[in-house]
Amino acid sequence: MQVRTEPRIVRYVLITIALVFFGLFLVLPLVCVFQNALSKGWVVYFDALRHPDALAAMKMTMITALIVVPCNLIFGVAAAWAVSKFDFKGKNLLLSFIDLPLSVSPVIAGLIFILLFGAQGVLGPWLIAHNIRIVFAWPGIILATIFVTVPMVARELIPIMKSQGTEEEEAALTLGASGWKTFWMVSIPNIRWGILYGVILCNARAMGEFGAVSVVSGHIRGLTNTMPLHVEILYNEYQSAAAFAVASILAMLAIVTLIAKSIVEANIRQGQK
Amino acid sequence: MRSFKAFLLLMGVFWGVSVITLALAENKVTLLNVSYDPTRELYQAFNNAFADHWLKEAGTTVVVNQSHGGSGKQARSVIDGLEADVVTLALAYDIDAIAEKTNLLPKGWQARLPHNSAPYTSTIVFLVRKGNPKNIRDWDDLAKSGVSVITPNPKTSGGARWNYLAAWGHALKKWDNDENKAKEFVAAIFKNVPVLDSGARGSTTTFVERKIGDVLIAWENEAYLVLNQLGKGEYEIVMPSLSILAEPSVALVDKNVDRHGTRKVAEAYLEYLYSEEGQEIAARNYYRPRLQAVAEKYAAQFQSVNLITIDEAFGGWQKAQKTHFSDNGTFDQIY
């Protein structure tokens, strides 16, 4: 039984504040996106989505996510496993490095890659001599996105794996399972919902990243534009309806992410009981 | 766990497929035109015309990709390795900067094409809201208190630098070349600026879509675009008593075209800007054409105005840039 000591009025005021805030800052803008997207009708809406530049942007965004998410999945699991199941020198350093992208502004994240791979950068002349393009091409976009999404999977898994401890792995090893087998049959099943949760967050960020990608993309229409960049371009070309049409796809992605996230969260809670 | 392994395998397959698709997509003859902000509509039209022309002329299909942004920012990107075949920027200085900081094109690039490598010109005008409620007629009105002025940041935007120098030129003329008076005057204008966007297009969006400000200092072509395409009857163009002759320059980026093997088509692309059709397209997009025949045809569209030039009034872009827009230049002192 819940015990409530606050007067009713306090509860109502708090609930109202929360709901008004939620409505004003989350629901209303979302509704605006869809309203603007459809302001010129369904024809304009679908034409905007079918435009070759829009399709190219969607392709770029999907490819980015398809490369970034597996990379972070492997890195995240490896890092979380190392940090939570073993003790080693420099562990705290590794933990701080995993957090680094969260504290660095995305613009700086983009500029780092310009300084490193740009024509005036450290590795630039060598790359040009070997005709390898990194910045202002898709590899740069992917690198920048990896940089900003690095913490997503690892941060999710570390607390889960830490709370599970190492007993189950030790039991498996004493019973004669190989390290590899232990990893696949004990460690991974225990964290599979955590992995999924991390992947969802990572994917959402990878598809929606603007700042870092904007710095390294070069904004070439139909080539190095991702969906968020394409939205900005359309908006700047006074094609608001088209801009919001593409934005609505991103918004829908966010909603799907939200639903998937709550399903996975429910499963994590169930697993912990 | 089998499903999880299958999931990983699937990821792997996706990865391979995406890399192959990207590799195939690269296999196309293309030009990259790195341009400044308000030329989006111009080059959209021009690229199509050039593609048709080149198909007839050389029998090959050419796709011109576009990148737009503030002129200074775009030059920076080319310096940092954005592989532009041609640059079409807001002012010569930004192309000078590329020539100076890299060996991508020779320092004497401006003499390679007619008219200082500027196939079209433009000027700076005021865009005000319907009925001109603040009664803005000339530069002096922008310095009055209570007037909100929209202009982009001269550090990143080419258009903004033309705006700044036009205002400065007006003050020089008014106070008989008194540089201190000019500085005070431009400082008073910039006190009235609530938002400094990084490019000309950002400023237009601020003025038109976000409805901030009483007057937008804009490229003539940008002002006409707003007038004719965005808000018919909602805005008015005000021609100041004196403005500046803006020469947006174009150049071939030699090192990049040689690496891409696109020199011939890139040269043809820039030359086509000077052809009758190229000039027509420029005029239709409210850029002042160089070709006499086209200029006469579109004469009614462009008001004649007293224009100062960068060379006469400021001793060229190198000097103007150094005095006004470099670190601790006049802009840093007043803003």
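Just name the residue that is farthest from the other protein chains (Cβ to nearest Cβ) out of those in the stretch A:132-145 that are within 14 Å of B:ASP80 (Cα to Cα), in contact (Cβ under 8 Å) with a residue 60 or more places away in the chain and touching a helix residue (DSSP H, G or I) at 6+ places or on another chain (Cβ under 7 Å).
A:GLY140
Name every residue in the stretch A:209-258 that is away from chain B (no Cβ under 11 Å), crowded, with 21+ Cβ neighbours inside 10 Å and either out of contact with any helix residue (DSSP H, G or I) (no Cβ under 8 Å at 6 or more places or on another chain) or polar (S, T, N, Q) (or both), in order of residue number.
A:THR226, A:SER248, listed by residue number.
Might you check whether a residue that is more than 28 Å from B:GLY315 (Cα to Cα) and among the charged types (D, E, K, R) occurs anywhere in the stretch B:245-257?
Yes, the stretch B:245-257 contains at least one residue that is more than 28 Å from B:GLY315 (Cα to Cα) and among the charged types (D, E, K, R).
Counting only residues that are part of a helix (DSSP H, G or I), farther than 28 Å from A:PHE97 by Cβ and within 14 Å of chain B (Cβ to nearest Cβ), how many does the stretch A:152-188 have?
Looking only at that region, the number is 3.
Can you report the number of residues in the stretch B:286-300 which are assigned to a loop (DSSP other than H, G, I, E, B) and buried (at least 22 other Cβ atoms within 10 Å of the Cβ)?
Result for the stretch B:286-300: 2.
Within the stretch A:194-206, which residues are within 14 Å of another protein chain (Cβ to nearest Cβ) and either closer than 12 Å to A:THR145 by Cβ or acidic (Asp, Glu) (or both)?
Answer for the stretch A:194-206, where residues must be within 14 Å of another protein chain (Cβ to nearest Cβ) and either closer than 12 Å to A:THR145 by Cβ or acidic (Asp, Glu) (or both): A:CYS202, A:ASN203, A:ALA206.
Could you tell me which of the residues A:VAL264, A:VAL256, A:VAL231 is modelled with pLDDT of 90 or more, under 24 Å from the mean Cα position of the chain (by Cα) and not acidic (Asp, Glu)?
Every option except A:VAL231 fails the conditions.
Search the stretch A:36-66 for residues being polar (S, T, N, Q) and modelled with pLDDT under 90, and hand back the single one that is nearest to A:ARG221 (Cα to Cα).
By that ranking, first place goes to A:ASN36.
Tell me, please, whether a residue that is under 27 Å from B:ILE95 (Cα atoms), under 36 Å from the mean Cα position of the chain (by Cα), modelled with pLDDT under 85 and more than 11 Å from chain A (Cβ to nearest Cβ) can be found in the stretch B:27-40.
Yes, there is a match, as at least one residue in the stretch B:27-40 is under 27 Å from B:ILE95 (Cα atoms), under 36 Å from the mean Cα position of the chain (by Cα), modelled with pLDDT under 85 and more than 11 Å from chain A (Cβ to nearest Cβ).
I'd like the residue in the stretch A:105-121 that is more than 10 Å from every other protein chain (Cβ to nearest Cβ) and free of Cβ contacts under 8 Å to residues at least 40 places away in the same chain and, out of all such residues, is surrounded by the most Cβ atoms within 10 Å (Cβ to Cβ).
A:ILE112
Quick check on my filter: what residues within the stretch A:20-39 are in contact with a helix residue (DSSP H, G or I) (Cβ under 6 Å, 6 or more places away or on another chain), within 14 Å of chain B (Cβ to nearest Cβ) and either free of Cβ contacts under 8 Å to residues at least 12 places away in the same chain or not small (Gly, Ala, Ser) (or both)?
Passing the criteria: only A:ASN36.
Would you check if A:VAL148 is buried (at least 16 other Cβ atoms within 10 Å of the Cβ), of a type in the set (Val, Ile, Thr) and within 13 Å of chain B (Cβ to nearest Cβ)?
Criteria not met by A:VAL148.
Give B:ILE189, B:ILE212, B:ILE217 a once-over and let me know the one that is farther than 20 Å from B:VAL87 by Cβ, assigned to a loop (DSSP other than H, G, I, E, B) and aliphatic (A, V, I, L, M).
Result of the check over B:ILE189, B:ILE212, B:ILE217: B:ILE212.
Of all residues in the stretch A:168-206 being of a type in the set (Gly, Ala, Ser) and buried (at least 20 other Cβ atoms within 10 Å of the Cβ), which is nearest to A:ALA78 (Cα to Cα)?
A:SER187
Looking at the stretch A:122-131, which of its residues are within 11 Å of chain B (Cβ to nearest Cβ) and not small (Gly, Ala, Ser)?
A:LEU123, A:PRO125, A:LEU127, A:ILE128, A:ASN131
What pairs can you find where one residue is in the stretch B:62-84 and within 7 Å of chain A (Cβ to nearest Cβ), the other is surrounded by fewer than 22 Cβ atoms within 10 Å (Cβ to Cβ) and of a type in the set (Asp, Glu), and their Cβ atoms are less than 7 Å apart, with a gap of 6+ or different chains?
From the stretch B:62-84, no pairs qualify.
Given (1) surrounded by fewer than 15 Cβ atoms within 10 Å (Cβ to Cβ); (2) touching a residue at least 24 places away in the same chain (Cβ under 8 Å), identify the lone condition not met by B:GLU277.
(1)
The values are calculated or read from the model by the stated rules, or taken from the named source; none is laboratory data. The shown structure was predicted, so the numbers you read here are calculated from the model rather than taken from an experiment. Here Cβ is always computed from backbone atoms with ideal geometry, including for glycine, and neighbour counts include all displayed protein chains.
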